[in-house]
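The values are calculated or read from the model by the stated rules, or taken from the named source; none is laboratory data. All figures in this text were calculated on a predicted structure; none of them were measured in a lab. Here the Cβ positions follow ideal geometry from the backbone for every residue, glycine too, while neighbour counts run over all protein chains shown. Just the protein is used for accessible areas: all its heavy atoms, side chains included, with ligands, DNA and RNA removed. Shrake-Rupley method; radii C 1.70, N 1.55, O 1.52, S 1.80 Å.
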Amino acid sequence: MGNKVVKFGGSSLADANQFRKVADIIKSDAKRKYVVPSAPGKRFSDDVKVTDMLYKCCELAGSGVDFTDDFQLIRDRYNGIISELGIDMSLEDEFDSIVRELKARPAKDFAASRGEYLNGKVLAKYLGFNFVDAADVIVFDTKGSLLLDDTVKAVRAKLSGLDNAVIPGFYGKTTEGYIKTFSRGGSDVTGSIIANAVKADIYENWTDVSGFLVADPRIVENPDVISVITYRELRELAYMGASVLHEDAIFPVRSAGIPINIRNTNRPQDDGTMIVSDDFDFSRESLSHTITGIAGRKGFSTINIEKAMMNSETGFGMKVLKVLFDNGLSFEHMPSGIDTMSITVDSAKLDPVREKVLAGIRKEVAPDHLEIEDGIALLAVVGRRMKNTRGTVARIFASMAHARINVKMIDQGSSELNVIIGVSENDLPEAIRRIYDMFINSEK
Ligand code: ASP
């Protein structure tokens with residue numbers, strides 16, 4: 001029998017009722033042996049996550065302010081879950097020791113990590129699973145970078161004799177012995193590392209949505225769920241702002257060829273989204289849409305440069321890019337014409353060096369015309385099937401034309417995995433809706 005690593009996010013473990021759903025999910029499949037919990041998240045929209053409550057206590061402790069009342073709220077959250085589930089356990093000693101530690105040494109990462117630590121204790125007890133402290137297996141170097149090889153060895157050594165385990169997400173320990181967390185949402189990363197170490201058949205990431213959506217639900221009403229997406233496609237969409245999973249959660253499973261399945265704790269009957277390697281055998285996949293997803297991001301500017309005979313001036317592009325390089329500015333796209341060149345950059349990164357970049361370009365290449373246009377949005381239409389389908393780009397632009405949306409920039413990568421379109425920020429929502437209609441609604 002193989003095994004599955006299952007990670008449950010904060011909203012999946014926000015209260016006793018959610019714990020019951022989680023236990024049902026785990027118990028319904030004997031392969032779900034290794035469980036990675038987050039700290040209790042929000043129960044309702046303006047609720048506070050336990051992680052944020054812990055950060056607050058740490059801040060108060062750091063300024064020498066009494067944090068008894070704030071910490072009481074944390075005690076109440078866990079005690080509420082324990083008593084409602086009727087678990088025979090007490091965390092009082094743990095609570096007291098955390099308070100003592102925060103008073104003696106208010107370290108942010110230690111404080112935040114206790115949300116997962118305590119939740120792991122409760123969940124392990126409730127499931128009747130072994131508890132394995134992430135501090136004993138997830139190893140960071142002194143600068144705070146994960147030591148993947150050491151971690152994998154430690155996880156294997158620890159889990160090899162165990163039939164099951166709950167390993168809290170989000171944190172580990174440095175080689176100097178300090179607790180260190182990943183960045184926010186980092187339990188996803190822990191789950192991915194554990195999946196790599198135990199060579200899991202699959203890494204199930206349980207959250208409160210039924211997978212990745214084809215488009216942002218704030219823009220497209222009730223969008224379809226993406227049933228299968230490759231890691232490469234996911235990266236393209238995530239870069240454009242679509243997010244469900246921590247970015248660093250991809251590498252450990254991707255390198256080991258383990259698929260990720262995004263699932264919904266509140267709707268376990270849904271298949272969710274499968275994230276698979278690029279060489280996955282898609283032949284058995286039921287016919288799907290031409291495109292996989294659409295995402296867009298605002299906040300870009302284009303630097304437009306014109307100069308007669310630019311094409312015959314050797315090194316023109318290099319000189320311009322050197323100016324960007326000297327100002328620490330990276331660029332997103334660079335479409336060019338015979339006498340024109342236009343460079344798309346992130347406006348927030350351009351702002352502090354705007355004048356220097358303009359002056360630098362003037363000095364280096366003496367353009368006939370130079371201007372910066374702000375308020376640009378980039379839209380990515382992503383899909384592995386585009387490569388073998390004709391007319392995709394024509395359909396994208398037909399949908400733009402019908403909506404009278406002006407296309408400012410086009411870039412299709414040589415991999416034919418995505419088409420990037422620059423439009424005015426105001427046009428972005430309508431552009432996404434039109435493309436969705438063209439490819440998803442009309443292909444139904
Ligand atoms: N509890 C942590 C956070 O709120 C980590 C996680 O949930 O993945 O960011």
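Give the residue that is surrounded by the most Cβ atoms within 10 Å (Cβ to Cβ), with candidates limited to residues of segment 302-323 that are part of a helix (DSSP H, G or I) and of a type in the set (Gly, Ala, Ser).
By that ranking, first place goes to GLY317.
How many residues does segment 35-47 hold that are touching a residue at least 40 places away in the same chain (Cβ under 8 Å) and open to solvent by 20 Å² or more (accessible area, probe 1.4 Å)?
0
Within 16 Å of the ligand (Cβ to nearest atom), touching a Ser or Thr at 6+ places or on another chain (Cβ under 7 Å) and of a type in the set (Gly, Ala, Ser): which single residue out of SER38, SER45 fits that description?
SER38
Please find, within segment 341-353, the residue that is farthest from the chain's Cα centre (by Cα) out of those that are open to solvent by less than 70 Å² (accessible area, probe 1.4 Å) and either at pLDDT below 95 or under 28 Å from PRO429 (Cα atoms) (or both).
The extreme case among them is MET341.
Every residue in segment 145-175 that is under 25 Å from PRO40 (Cα atoms) and either at pLDDT below 95 or basic (Lys, Arg) (or both), please.
The answer is LYS173, and nothing else.
Here are the criteria: (1) over 21 Å from GLY241 (Cα atoms); (2) surrounded by fewer than 20 Cβ atoms within 10 Å (Cβ to Cβ). Tell me which single one MET409 does not satisfy.
(1) is the only condition that MET409 fails.
Of everything in segment 360-388, what is open to solvent by 50 Å² or more (accessible area, probe 1.4 Å) and closer than 30 Å to VAL228 by Cβ? Give them in sequence order.
ARG385, LYS387, ASN388
From the list ILE74, ILE87, ILE81, which residue is surrounded by fewer than 18 Cβ atoms within 10 Å (Cβ to Cβ) and either at positive phi or touching a helix residue (DSSP H, G or I) at 6+ places or on another chain (Cβ under 6 Å) (or both)?
ILE87 is the lone residue from the list that is surrounded by fewer than 18 Cβ atoms within 10 Å (Cβ to Cβ) and either at positive phi or touching a helix residue (DSSP H, G or I) at 6+ places or on another chain (Cβ under 6 Å) (or both).
Would you pick out the residues in segment 245-263 that are farther than 22 Å from GLY2 by Cα and either in contact with a strand residue (DSSP E or B) (Cβ under 9 Å, 6 or more places away or on another chain) or modelled with pLDDT of 95 or more (or both)?
Result: LEU245, ASP248.
Which residue is farthest from the ligand (Cβ to nearest atom), if the candidates are limited to segment 161-179 and must be assigned to a loop (DSSP other than H, G, I, E, B) and touching a helix residue (DSSP H, G or I) at 6+ places or on another chain (Cβ under 6 Å)?
It comes out as ILE167.
Out of the residues in segment 54-71 that are of a type in the set (A, V, I, L, M) and without any contact (Cβ under 8 Å) to a residue 24 or more places away in the chain, state the one that is most open to solvent (accessible area, probe 1.4 Å).
Ranking the candidates gives VAL65 first.
Scan (1) modelled with pLDDT of 95 or more; (2) surrounded by 22 or more Cβ atoms within 10 Å (Cβ to Cβ); (3) in contact with a strand residue (DSSP E or B) (Cβ under 7 Å, 6 or more places away or on another chain); (4) of a type in the set (A, V, I, L, M) for the single condition ALA242 breaks and write down its number.
Failing condition for ALA242: (1).
Just a yes or no: is a residue in segment 54-69 touching a Leu at 6+ places or on another chain (Cβ under 8 Å), outside any helix (DSSP H, G or I) and under 15 Å from GLN18 (Cα atoms)?
no
Please name all residue pairs, on different chains or six or more residues apart, with Cβ atoms under 9 Å, provided the first residue is in segment 329-357 and is at positive phi and of a type in the set (S, T, N, Q) and the second residue is part of a loop (DSSP other than H, G, I, E, B) and open to solvent by less than 60 Å² (accessible area, probe 1.4 Å).
Listed pairs, sorted by first residue: none to list.
Of the residues that sit in segment 180-209 and are aliphatic (A, V, I, L, M) and away from the ligand (no atom under 14 Å from the Cβ), which one is modelled with the lowest pLDDT?
Taking the candidates together, the pick is VAL209.
Determine, yes or no, whether PHE67 is under 31 Å from the mean Cα position of the chain (by Cα) and either more than 16 Å from the ligand (Cβ to nearest atom) or closer than 17 Å to LYS180 by Cα (or both).
no
Filter segment 231-247 down to the residues that are within 13 Å of the ligand (Cβ to nearest atom) and either in a loop (DSSP other than H, G, I, E, B) or in contact (Cβ under 8 Å) with a residue 60 or more places away in the chain (or both), then identify the one that is nearest to ILE260 (Cα to Cα).
Step by step, filter segment 231-247, then rank; the result is LEU245.
For the condition surrounded by fewer than 22 Cβ atoms within 10 Å (Cβ to Cβ), free of Cβ contacts under 8 Å to residues at least 12 places away in the same chain and either away from the ligand (no atom under 12 Å from the Cβ) or assigned to a helix (DSSP H, G or I) (or both), what is the one hit in GLU101, GLU94?
None of the other options fit; the residue is GLU101.
Being at pLDDT 90 or above and on the phi > 0 side of the Ramachandran plot: is that true of GLY422 here?
no
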